[in-house]
Structure formats: structure tokens, C-alpha cells
Amino acid sequence: MHLQLNNLNDKELLLRMRKLQDREATGVLLGRYSHLLVAVCLPKLSQEKPAETVFPTLIRQMSTQLSSSFGKLNETVYAIVQSYFATGNKTTAPYITPPTQIIQRLETQVEVAGNNPIARATLTARIEQALSQLNKEEAALLTGFYLEHQTLQELAQHHRTTADKVRNSLKGIRKKIATQLKDVAYE
């Protein structure tokens, strides 16, 4: 089973941790990010904070916080370590910006709606309404990138701009859609 879990991506392992309380999935994630933990901690170890006390404490913190974390796990691990060394033995959850929280909640709703036809239909209607609010250029970027599978370079050439501007535009459009979906949910 452990070998099969190694083939799953981080998102699927987190899902197993949350829904099934799968301790093996937790172990795979901890093993996957142990190199980062060591790399960030090594320069900060000292007589007051030796490896024998630091690593077990951080591993316990990581195992509890990973199941409730959103976003990139490497950023979560880094924030846990930084918090530990900044505040002593106490760690705090990393701060997630509101637009990122909105996008993460939407991704969770999509995952949950996957097997529920009513939730899927409701979510589809909400997404269609949010997409109808986009202007022509935003819609063209989304269509080109997500439906036609054009690269950022191809889109940049077509729109006579740079790939970085296209990437930033796509990020902004995703945030705009997620914000509209959040607003619709609260009405």
C-alpha cells in the first residue's frame, strides 16, 4: 500500500488524510518533505535547540497542520519551521491571503461536488454565471489556455504581450472568478 501511495500527488494524499484519516498518507507526505525540513532547520540548530528536540517537535506539528493546510505544502513546511525558530517551541499556522483562501475553498467545493450530481449542477451554474461576467479578452485568455491548451508563449504572441503578463492575467482572472463565486455564495 505504501508504494501505491508514493505514486499519488500531494493533493490526493491530503484528501486521503482529511477524509480517511490515513496515517500512511501522512507518513508519505512527511517523508516527501523531510529533506526540506532538514535543509531549513540545519542552519538554525544550536545548543539551546538541538536536533533531538527540534525534529520530533516539528514532525508532530507538521503531521497535525498538514491535514488542515491549503496551498503548496513546501510553503507550509517552511512557514512551520520559520515560526518554530522565531517564537521558540510554539508554531503557528501560516497566513494565507484572502484571495488564495477563496480559490482553495472553490477547489475543495469542486472536489466534493465530483460525485454529487446536485452539488455539481449547482456549482456548474455558479461557474457559468461567473464566466459570463468576464470581458472578451479575459474569456479569450481562459479559452486559449484551458480549453485549447495553448502555451503561455503562444497566448503572449497572439495578444502581443509577454508570457509573464499572460500568467499574471490568468491569475487575476482566476481570483476574479473565485471572488464572484464567493459573493454569489453569500447572497
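The values are calculated or read from the model by the stated rules, or taken from the named source; none is laboratory data. As the structure is a computational prediction, the values presented were derived from the model and not from experiment. Here the Cβ is made from the backbone with ideal geometry for all residues, glycine too, and neighbour counts use every protein chain on show.
Data table
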{"read-out": "Elements of type helices (runs of 4 or more DSSP H) in segment 82-172, at least 2 residues being at pLDDT below 85", "value": "98-113, 117-132"}
{"read-out": "Qualifying residue in segment 19-28 (condition: within 16 Å of the chain's Cα centre (by Cα) and surrounded by 15 or more Cβ atoms within 10 Å (Cβ to Cβ))", "value": "no"}
{"read-out": "Test: residue in segment 36-56 that is within 27 Å of Gly114 (Cβ to Cβ), at pLDDT 80 or above and outside any loop (DSSP other than H, G, I, E, B)", "value": "no"}
{"read-out": "Matching residues in segment 153-187 - criterion: being crowded, with 17+ Cβ neighbours inside 10 Å and not β-branched (Val, Ile, Thr)", "value": "Leu155, Ala156, Ser169, Leu170, Ala178, Gln180, Leu181, Lys182"}
{"read-out": "Leading residue by the ranking (farthest from Lys165 (Cα to Cα)) among those in segment 108-148 that are charged (D, E, K, R) and without any contact (Cβ under 8 Å) to a residue 60 or more places away in the chain", "value": "Arg120"}
{"read-out": "Segment 108-136, residues that are surrounded by 11 or more Cβ atoms within 10 Å (Cβ to Cβ) and among the charged types (D, E, K, R)", "value": "Glu111, Arg120, Arg126"}
{"read-out": "Answer from Met1, Met62 - the residue that is modelled with pLDDT under 75 and either touching a helix residue (DSSP H, G or I) at 6+ places or on another chain (Cβ under 7 Å) or farther than 30 Å from Gln109 by Cβ (or both)", "value": "Met1"}
